[in-house]
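Worksheet for the structure shown next.
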Amino acid sequence: MQQTRQRHRVVLLPLPLQGHINPMLQLANILHSHGFSITIILHTSFPSPNPSNYPHFTFLSFPDGLSQSEASTTDLLSLILLLNLRCINPFRDCLVKLSRLVLRTGGVSSYAAFAAFPTLFEKGYFPVQDSRLEEPISELPPLRVKDLPVIKTSNFDSYYQFLTDMVRQNKASSGLIFNSFEELEQPALATLCPDFHIPIFPIGPFHRYFPASSSSLLTHDETSIPWLKTQAPKSVLYVSIGSIAAMDEKEFLEAAWGLANSKQPFLWVVRPGSVRGRKWLESLPNGFIEMLGGRGHIVNWAPQQDVLAHPAVGAFWTHNGWNSTLESICEGVPMICMPRFTDQLVNARYVSHVWGVGVQLENGLERGDIERAIRGLMVEKEGKEIRERMLHLKEKVNLCVMQGGSSHESLQRLISHISSF
Ligand code: UDP
């Protein structure tokens, strides 16, 4: 029968002296035989027992900061005082490392861009200057300056500080979990590895294990799926800018006319409050909805994963939040990208220029551009390759979560890692 009692972990830090190490390891064996998990922390400047003699224990070491002559002193009192003094910070870091796994809810590629902030800062890319927006960033191809994951703020220093602190703390954790999969973001994973001396677990897409609809903070509109059922296969454009992004009234009207003029059916999520200064749809011209003749359906909030999985949906006009991007990839739905800030900018660039499964609206929102992007992607020949690449990528998602697939293997590694604590 599987043991259901939670195993408690005991962390042991012996003084780096034989007479302390021996009894500490014996105590460790005794506790282990009573069902405890054991972690032994060792000092790096001193000889230590061979971990391979204790495969049932986890060993960690921390830099105690003693020089060789300090470590070999025979003055026991001064050695202990020195150890106490020098070990406070590294030991605390080591404990932090012991206990903390970090879940990154964004993609690996955008995270790699965050991790590169200090380098980019040194090279003068920050704060971003309007005159340099189109410049390619040789350190992070194919990103351009305008794809860097920034937000509009008058206090760039705080943003920079926040991000660099975050990455530093992440590096001190005992592992990073990503809601992504290796086949999608292998180059970014490879960039991170030399710099991050902790295990990285790309185990996504999570919603392949459990759908997220039950954790929705807003109530799903119940008319979306019945409406989709009345539409032809792959004919509908699904439109959403997620839970945070907003647009101004002018952008909203350009979007509305672009949708109407494209002549494609659309399901549009307009979150109440997402048009700045307006409650919901009151900016739409009189008679706009009637003019669509049932070709457009506008809702507050949709059951997005079910919508993207519906056979009637042929494309997704998205702000490229990571969840939306991944959900679209999972269902093989090509994207029209309209990133607003931070990691969305990187995700959109990857969708359009690395994975080649979407097109980006590059020059703001203008009804003619929108109409052309919709028809180009969904109807015209020019979108065919993009649509095919997306189906190919979808197959990779299906494989990665199956037995032997990359995410499945990463999940097994993660489980062993957690079990070793
Ligand atoms: N979502 C939804 N209904 C909607 C719009 C979005 O259920 O009408 C869900 C979507 O499936 C995704 C999440 O909200 O899981 C949005 O996350 P994302 O990272 O894409 O964007 P954010 O809202 O954080 O900007």
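So here's what we get for this one:
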| quantity | calculated |
| --- | --- |
| Quotient of C-alpha Rg and 2.2 N^0.38 Å, computed over region 5-124 | 1.38 |
| Proximal charge balance of G107 [Cβ under 12 Å; K/R count +1, D/E count -1] | 0 |
| Distance between region 81-143 and region 192-254 - C-alpha centres, whole angstrom | 27 Å |
| Carbon/sulfur fraction of accessible area - the chain, other protein chains in place, 1.4 Å, % | 56 percent |
| Sum of side-chain charges, M378 neighbourhood, beta-carbon under 13 Å (Lys, Arg +1; Asp, Glu -1) | +4 |
| Percentage relative contact order, the chain, counting C-alpha pairs under 8 Å, at least six apart | 15 percent |
| Accessible area in the full protein assembly, largest first, 1.4 Å probe, for T230, T119, T39, T74 | T74, T230, T119, T39 |
| GNM flexibility winner over the chain from L163, L259, L184 (Cα, springs under 10 Å) | L163 |
| Distance histogram for region 117-235 (every C-alpha pair counted, 5 angstrom bins, percent rounded to whole numbers) | 2, 8, 12, 14, 15, 15, 12, 10, 8, 5, 1, 0 |
| Qualifying lysines (Cα of each under 17 Å from Cα of K394; at least 8 residues distant if same chain) | K234, K384 |
| Between helix 343-353 and the chain: long-axis angle, C-alpha atoms, 0 to 90°, nearest 10 | 70 degrees |
| GNM top mover of R104, R389, R86 - the chain, alpha-carbon springs below 10 Å | R86 |
| Sequence-distant residues sharing a close amide H with G296 (under 5 Å, placed H) | F266 |
| Cα→Cβ-extended label distance, 7 Å offset, between E382 and I80, nm | 7.8 nm |
| Relative contact order (%) - criterion: Cα under 8 Å, at least six apart; region: region 1-142 | 15 percent |
| Helix-derived mean residue ellipticity, 222 nm - over the chain, DSSP H n ≥ 4, -39500 (n - 2.57), to 500 | -13000 deg cm²/dmol |
| Sequence-distant residues sharing a close amide H with W317 (under 5 Å, placed H) | Y238, V239, S240, I336 |
| Estimated FRET transfer efficiency when R0 is 35 angstrom, pair L12-K171 (beta carbons, to 0.05) | 0.90 |
| Extension reserve of the L217-L101 stretch, reckoned as 0.36 nm per residue once the Cα distance is removed | 39.2 nm |
| Rule-of-thumb Rg ratio for region 35-97 [Cα; 2.2 N^0.38 Å; N residues] | 1.24 |
| Square roots of five times the Cα gyration tensor eigenvalues for the chain, Å | 51, 25, 18 |
| Global size of region 147-211 as Cα Rg and Dmax, reported in angstrom | 14.4, 41 |
| Contact order normalised by residue count of region 134-249, Cα under 8 Å, 6+ apart, percent | 17 percent |
| Cross-link partners of K123 among lysines (Cα-Cα below 25 Å; sequence separation of 8 or more within a chain) | K146, K152, K171 |
| For the chain, accessible area per residue (1.4 Å probe, heavy atoms of protein chains only), Å² | 50 Å² |
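The values are calculated or read from the model by the stated rules, or taken from the named source; none is laboratory data. Quick caveat, the model's predicted, so the values are computed rather than measured. No Cβ is skipped: glycine too gets one built from the backbone with ideal geometry, and neighbour counts run over all protein chains shown. To get the accessible areas, we keep the full protein, side chains included, count just its heavy atoms, and leave off ligands, DNA and RNA. Shrake-Rupley method; radii C 1.70, N 1.55, O 1.52, S 1.80 Å.
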